[in-house]
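J.: First, the structure itself, so that you have it in front of you.
The values are calculated or read from the model by the stated rules, or taken from the named source; none is laboratory data. Computed from a prediction, not measured in an experiment: that's the story for all the values here. Don't worry about glycine lacking a Cβ; one is built from the backbone with ideal geometry, like all the others, and counts go over all protein chains shown.
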């Protein structure tokens, strides 16, 4: 294989690598998208928070109702003692009246608390319902979009395997030392190790080649590089 043919093969290898890079970037974007849209992720988080708040609100309502029930039972028992005639001692009756008044005040405050907690729980239930509806709608929309994304992912994966196979086959026809040189340059030259010669100039950096440089690119026995950017020069006859 002549140096011109080697440069041509390396240029083809570069074209495959560039296409693979673009494909891999798109494939990664599709895979990331399949994890869920940012809106869907946001709605899922909001739905989870709404459910947690609802559970806490319902628990608070249950506890408030339990405390109120306990107060009602205690007040009922004390009122029965006060008005049942079993207690006749004036001092005990006075203390019992004070206890009943204290329990009634507690009952009144607890009823207000229970109502507030109940209103809050109802608001949380409505919020949780809204978040569930929004999430359901977005998941339905996402289901339709994700079907298209999965199809595109499958296409890209097939294309990736095809390109990788073509690259491996092409690389096997080039001497390893040239492939290694190409790989090193790609890592240091923004992924472009080979520059095509266009109108007697390096297509990458636009430096004009001298007559002798052009002659070496066309007929030289070694790969020629641009004196300015250092890339391998490829002349397409």
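J.: Quickly run through segment 194-223 and pick out the residues that are part of a loop (DSSP other than H, G, I, E, B), in contact (Cβ under 8 Å) with a residue 40 or more places away in the chain and either touching a strand residue (DSSP E or B) at 6+ places or on another chain (Cβ under 6 Å) or crowded, with 20+ Cβ neighbours inside 10 Å (or both).
T.: 223
J.: Against the definition (in contact (Cβ under 8 Å) with a residue 24 or more places away in the chain, part of a helix (DSSP H, G or I) and in contact with a helix residue (DSSP H, G or I) (Cβ under 8 Å, 6 or more places away or on another chain)), how does residue 93 come out, yes or no?
T.: no
J.: With respect to the numbered conditions (1) surrounded by 13 or more Cβ atoms within 10 Å (Cβ to Cβ); (2) under 31 Å from the mean Cα position of the chain (by Cα); (3) not assigned by TED's automatic domain parsing to the domain that holds residue 40, which one is the sole condition not fulfilled by residue 185?
T.: (2)
J.: Now a separate question. Kindly establish whether residue 74 is in a helix (DSSP H, G or I), touching a helix residue (DSSP H, G or I) at 6+ places or on another chain (Cβ under 8 Å) and either in contact (Cβ under 8 Å) with a residue 40 or more places away in the chain or on the phi > 0 side of the Ramachandran plot (or both).
T.: So residue 74 does not fit the description; no.
J.: Looking only at segment 129-146, decide whether some residue is touching a residue at least 40 places away in the same chain (Cβ under 8 Å), surrounded by 13 or more Cβ atoms within 10 Å (Cβ to Cβ) and closer than 23 Å to residue 23 by Cα.
T.: Within segment 129-146, one or more residues are touching a residue at least 40 places away in the same chain (Cβ under 8 Å), surrounded by 13 or more Cβ atoms within 10 Å (Cβ to Cβ) and closer than 23 Å to residue 23 by Cα.
J.: Please tell me if residue 157 is surrounded by fewer than 12 Cβ atoms within 10 Å (Cβ to Cβ), out of contact with any helix residue (DSSP H, G or I) (no Cβ under 6 Å at 6 or more places or on another chain), at pLDDT 95 or above and part of a helix (DSSP H, G or I).
T.: No, not satisfied.
J.: Something else about it: Return yes when residue 163 is assigned to a helix (DSSP H, G or I), closer than 13 Å to residue 7 by Cα, in contact with a helix residue (DSSP H, G or I) (Cβ under 6 Å, 6 or more places away or on another chain) and not assigned by TED's automatic domain parsing to the domain that holds residue 208 and no when it is not.
T.: no
J.: State all residues of segment 1-58 that are within 30 Å of residue 194 (Cα to Cα) and not in a helix (DSSP H, G or I); if no residue qualifies, say none.
T.: Correct list: 1, 2.
J.: Of (1) loosely packed, with under 13 Cβ neighbours inside 10 Å; (2) outside the structural domain of residue 193 (by TED's automatic domain parsing); (3) part of a helix (DSSP H, G or I), residue 79 satisfies all except one. Which?
T.: Every condition holds for residue 79 apart from (1).
J.: Mind telling me which of the residues 106, 125 ends up being closer than 30 Å to residue 76 by Cα and in contact (Cβ under 8 Å) with a residue 24 or more places away in the chain?
T.: Testing whether each residue is closer than 30 Å to residue 76 by Cα and in contact (Cβ under 8 Å) with a residue 24 or more places away in the chain leaves just 106.
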